[in-house]
1. Percent relative contact order of the chain, based on C-alpha pairs within less than 8 angstrom and at least six residues apart?
2. Counting only helical runs of four or more DSSP H residues, what would the 222 nm mean residue ellipticity of the chain come to if each run contributes -39,500 (n - 2.57) and the total is spread over all its residues?
3. Please work out whether segment 14-152 counts as rounded, prolate or oblate from its C-alpha gyration tensor, where a ≥ b ≥ c are the square roots of the eigenvalues and a/c under 1.5 means rounded, while otherwise a/b larger than b/c means prolate and anything else oblate?
4. Would you work out the Kirkwood radius for the chain? I mean one over the mean of 1/r across all pairs of different Cα atoms, in Å.
5. Could you tell me which residue out of Ala289, Leu52, His242 lies farthest along the dipole of the chain toward its positive end? Charges go on the beta carbon: Lys and Arg +1, Asp and Glu -1, centred on the Cα centre.
6. In the chain, what is the count of Lys pairs whose alpha carbons are under 21 Å apart, counting only pairs at least 8 residues apart or on separate chains?
7. Taking Cα centroids, how far is segment 52-68 from segment 206-243 in Å?
8. If you average the sequence gap of Cα pairs under 8 Å that are 6 or more apart and divide by the length of segment 164-291, what percent do you get for the contact order?
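The values are calculated or read from the model by the stated rules, or taken from the named source; none is laboratory data. Computed from a prediction, not measured in an experiment: that's the story for all the values here. All Cβ positions, even for glycine, are placed from backbone atoms using ideal geometry, and neighbour counts span all protein chains on display. Quick note on the areas: whole protein, heavy atoms, side chains included, nothing else; ligands and nucleic acids left out. Shrake-Rupley method; radii C 1.70, N 1.55, O 1.52, S 1.80 Å.
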Amino acid sequence: MQPNQLVRYAERIEKALGLIEAACREGEAPALADVASAAALSEYHFHRIYRLMTGETVQKTIERVRLGGALPLLASEGIMAATGQSGYSTSQSFARAMKARLGAAPSTLASDASAREAASESLRFPVPADKAKTAPALAIEIVDFAPIQLVAVRNVGDYAELNSGYDIIFEQVIDQLGEEGISAIYGIPHHDPAAFLADELVFDCAIEPTQMPGDASGLSVIQTPGGACLHMVHKGDYDGIHEATDRLYETAIIHGISLTDDLPLLHYRTPPEVMPVEELRSDIYLFLAQD
């Protein structure tokens, strides 16, 4: 950990913002991979860190900057020119975005200078995101994590609906090894659920087996990273674990802790069907880079 690492995070996000603004001035939306690359962060970490440091997702920033850049053209050149500058494919999609973000139609903003000025001012700042309430977490600490081998099924879709993925892996492992063949239950989220649509989310539903199943068809084998981790225990409903993960990222940002490119690792200590929600416990790990 370095004292100036917090400044480095800010500089990385500034570089990402610069790329977004430059692309939007050209009437284009930058590729998310390019924005993450400009910040020198993995895509997963970038989306979390960007959202926590700026107060909005990358997509919301792109929308805000595009709309702000198009506003001056509404009065001087009309809706078609403004649509082209904004990067929206049609004037209808541009109008819908304007209405949703500013509460006013392009025709109103084109004819009313004071409304246009107020809209421009509002687009200078992100709309504060509502922070979901989560169960309290225990102390955050740095621990050493020994690498383990998991078997997993990849689930694509809403993180609130992971049961089908876990049902597949439980059935296959229990059929071969029995219930005693499952040593622990894990999960590996591939996306920040606040930054992507529910049907785009990828999650590896995983278990640590007591031994590798003989027939692993349909299952993938994952070797987890090891080493120093930022760790916390989340108490309560497993649906709140993704918001709780934000607390770990906030700690990394505030204290200037460097992360590896590895995805977070979730350890579900107990199946939710056998314990009351308030008694559920889960571990969240973020792997640390060696500075």
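1. Computed over the chain, the figure is 20 percent.
2. Details: 10 runs with 124 residues, N = 291.
So the calculated ellipticity at 222 nm is -13500 deg cm²/dmol.
3. Details: a/c = 2.94, a/b = 2.09, b/c = 1.41.
It is prolate, given that a/c is not under 1.5 and a/b is the larger ratio.
4. Working: mean 1/r = 0.0470 Å⁻¹.
Roughly 21.3 Å, rounded to one decimal.
5. Selected residue: Leu52.
6. Working: Lys15/Lys60; Lys60/Lys99; Lys60/Lys131; Lys131/Lys235; Lys133/Lys235.
Lysine pairs meeting the criterion: 5.
7. 32 Å
8. Numbers: 184 pairs, mean separation 36.4, N = 128.
28 percent.
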